[in-house]
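As structure tokens, the structure follows; a few thoughts come after it.
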Amino acid sequence: MLSTTTTAAAAAVTLPRLPILEAVAAHDPASTAVVHALSGRRFTYGELLGDVIRARERLREAVGGKPLVGERVAFLIENSYDYVVMFLAVLAARAIAVPLSPPFPVPELQYILDQSAASVLVASPKFAAKATEVLATDLKQKPVYFELPKHTGGGGATEAVALADEDVSGAGLMLYTSGTTNRPKGVLLPEEVLTAQCRSLHQAWQYSSADHLLHVLPLHHIHGTVNAVLTPLFAGSSIEFMFPFNADAVWKRFAAPFLPTNGTTSSTTPPVTFFTVVPTVYSRLLASHKALSPAMQAATREALAPRHLRVNISGSAALPTPVKAAWAALSGGNVLLERYGMTEVGMALSCGLAFADRVDASVGWPLPSVEARLVDMDTGAVIEPGSDVDAHGRERPGEIQLRGPTVFREYWRNPDATAKEFVNDDGDGRGKWFKTGDVALGAGTHVLYPGPQDSRHHQDGR
């Protein structure tokens, strides 16, 4: 039960009026929020809201009731409903979520805890031993630690929930860049930036409560967290976790709704309607498809058809044209949608939902609320659209620069690095431009993306 009044009823539990919490509370409480592919366990939006409230209270108890506003809460949790619960609980506490990657070695986890100055570390039972290992290192500041019990379903929502018009500052997400030449940097994405990113994607890719997203991505990068968790939750979609990626398992899941059962195709498994992954996943799926049985091949071809798989997206690295062509042939013309983004800006450019707008070797146009420009790398001059066009209609290459409400606030505790990555707004008063370090060239109204200028930003963070 949800109350949207500004003053909560006496018996109601109060949550801050964060847009993501407001969205979750407004969805049909009986509709599916999260599914575990392996176990088949299903969790509803009503259960999610109740479990978020209880997890927030557990967080508060762990720190003795002290305010957590703006504090960093790190968590080591597998891809699961428990991850979603803790992520939203941290936001509900108006704290900054710092998701950790379970495969990371202990020294790297120690570095992130130290650099973020995390005040709390939460682990699932599966990774409690690893959390204990990290806590035994020479941390500069020992965070409060607790183990989050595994949710098995049936928790139910609370009797009443009220969304309060209180200050919602402090909430956010911090993701770490992949450091190769330098140590990883903490990218601070305040709640308003996360909301802008989700709303931009929601509008562009038209997520809905009818979508069923198959999630096979890691959850410490922007692709897995914003594109495939937060935005679906905004829309009331269902998220099915299947991680780590396994080609045979993914093919079986795609095929399940279309395989004959007792002579019919009456499976209750819903078709996958939304699939967003990296190019190597598509390559591995294509390579393994020929080994499937004839019945599985037929079922998977049906599953990939545009009438079932509403959108299939490729990102985080350049998509080879042969892979794109092979997937289109296998799926009956379901052309992969390419996009461009990175940890610091979320998604910035995207081809369109219409197949005609999925231009080969292009990452498309600026997404809603995003401004983009190309800048000459030698002179610093803005390359105006249509200028210096060659015989093929291509402009000279330039660095992609971006601005808008989807751009991050700062590198955590690194003002010099933050200042280095922005350039002035040229007096138009609309904000500074973020220098992506990536080179592209324009062709008409879409942007072609040949590759990075240097190693400042890394594909696996996108």
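Once Lys and Arg get +1 and Asp and Glu get -1 on their Cβ, which of Ala256, Ala131, Ala381 lies farthest toward the positive end of the dipole of the chain? It is Ala256.
Straight-distance candidates among the lysines for linking to Lys420, with alpha-carbon spacing under 25 Å and chain neighbours fewer than 8 residues away dropped: Lys185, Lys432, Lys435.
In the chain, the DSSP-assigned H stretches of four residues or longer account for a calculated mean residue ellipticity at 222 nm of -8000 deg cm²/dmol, using -39500 (n - 2.57) per stretch and the full residue count as denominator. Here the Karplus curve 6.51 cos²θ - 1.76 cosθ + 1.60, taken at θ = phi - 60°, turns the phi angles of the stretch 230-235 into couplings of 5, 5, x, 5, 4, 8 Hz, with x standing for Gly and Pro.
Residue by residue, the stretch 190-207 carries 3J(HN,Hα) couplings of x, 3, 5, 6, 4, 4, 5, 5, 5, 5, 5, 5, 4, 5, 6, 9, 6, 4 Hz when phi is fed to the Karplus relation 6.51 cos²θ - 1.76 cosθ + 1.60 (θ = phi - 60°); x denotes Gly or Pro. Magnitude of the charge dipole for the chain, about its Cα centre and with charges confined to Cβ atoms of Lys, Arg (+1) and Asp, Glu (-1), is about 1080 debye.
Highest average first, the peptides 69-76, 111-118 ordered by how many other beta carbon atoms sit within 10 Å of their residues are 69-76, 111-118.
3J(HN,Hα) along the stretch 212-223, derived from phi through the Karplus expression 6.51 cos²θ - 1.76 cosθ + 1.60 where θ = phi - 60°, amounts to 10, 9, 8, 9, 10, 9, x, 10, 10, 10, 5, 4 Hz, with x in place of Gly and Pro. Spatial offset of the stretch 69-101 relative to the stretch 310-374 amounts to 29 Å, using the alpha carbon center of each.
Here, each number is a calculation from the coordinates, and none is a lab measurement. All of these numbers come straight from a predicted model, not from anything done at the bench. All Cβ positions, glycine included, derive from the backbone under ideal geometry; neighbour counts span all protein chains shown.
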